[in-house]
Amino acid sequence: MPATSQRRFAAILVELRRHNVDFIVVGGVAAGLEGAPVNTLDLDVVHSREPDNLARLLTALESLEATYRTHPGQRLKPDASHLASPGHQLLMTRFGPLDVLGTIGRSRDYKALLTHTVELELADDLRVRVLNLETLIAVKEEVGGEKDVAMLPVLRRTLEEKRRR
Amino acid sequence: MVVTATRKEADLDDDDQLRCAEPVYSEDGVDLTLIRWMLSLTPAERLDVLEGFAESMAEIRARNVTA
């Protein structure tokens, strides 16, 4: 059972950074960190699929006790081949849900997204790469699902307000 | 004697202040005041807001788990 009454997203991010994992925060947490008033229950990250990083990520996920939440009773763990794929690994960690994504939108991977990120300081010794609002919007437009389209107005208005400042 | 209730000049100023110079909602219904509030926070403070929601939802769900 994931821990409550603690900073779950921060705890996951700290663990990933502690293991020197290369990743980019995307999704709802990225939108919120970029200033959009959104709510989300899971942390989404796109990871580098370089072999060394996959090894570091596997170690971090082991530390996070990450298992597939698509198979809740079976405690199935991701392996290197899963993380090397462009697909989405929907995991549950001891701190809560974590989605580890090989690609997002139109097959945008870590390398393609890196130039569209900002580095944000979230705490002492915790700086993370976050996908910028412009690209979050572009990805949502590419995906085009109902859930993504529903979020577009608030993301677009947030971008407008940011640009006015 | 007819007493006409008039608003004091100070009240009119208060009412005028309540009317925002900037729009409150966008044309597509987005609450712009929430955006401005989030943008006034540091990234660390924004993470606290997100964490607070997630934590609250987790606690409420845990309280309402049915056997």
Matching residues, the stretch A:119-145, being of a type in the set (A, V, I, L, M, F, W, C), more than 16 Å from A:Arg156 (Cα to Cα) and either without any contact (Cβ under 8 Å) to a residue 24 or more places away in the chain or crowded, with 18+ Cβ neighbours inside 10 Å (or both):
A:Leu120, A:Leu122, A:Val128, A:Val130
Pairs under 6 Å by beta carbon, first residue facing chain A (nearest Cβ under 8 Å) in the stretch B:23-45, partner surrounded by 15 or more Cβ atoms within 10 Å (Cβ to Cβ) and in a loop (DSSP other than H, G, I, E, B), six or more apart or different chains?
B:Leu32/B:Ser26; B:Leu34/A:Pro37; B:Ile35/A:Pro37; B:Met38/A:Gly35; B:Met38/A:Pro37; B:Leu39/A:Gly35
Within the stretch A:117-135, identify whether any single residue is part of a helix (DSSP H, G or I), within 14 Å of another protein chain (Cβ to nearest Cβ) and either in contact with a Gly (Cβ under 6 Å, 6 or more places away or on another chain) or not small (Gly, Ala, Ser) (or both), and answer yes or no.
yes
Just to be sure I understand the filter: pairs with C-beta atoms under 8 Å, separated by 6 or more residues or on different chains, first member in the stretch A:80-93 and in contact (Cβ under 8 Å) with a residue 40 or more places away in the chain and on the phi < 0 side of the Ramachandran plot, second member of a type in the set (Asp, Glu) and open to solvent by 50 Å² or more (accessible area, probe 1.4 Å). Which pairs pass?
A:Thr93/A:Glu65
Against the conditions (1) within 14 Å of chain B (Cβ to nearest Cβ); (2) of a type outside the set (Phe, Trp, Tyr); (3) open to solvent by 70 Å² or more (accessible area, probe 1.4 Å), where does A:Leu43 fall short? Just the number, please.
(3)
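The values are calculated or read from the model by the stated rules, or taken from the named source; none is laboratory data. Only a predicted model underlies this, so the values are computations on that prediction, with no experimental measurement involved. We place every Cβ from the backbone using ideal geometry, glycine too, and count neighbours over all the protein chains shown. Protein only, heavy atoms only, side chains kept; ligands, DNA and RNA dropped before computing areas. Shrake-Rupley method; radii C 1.70, N 1.55, O 1.52, S 1.80 Å.
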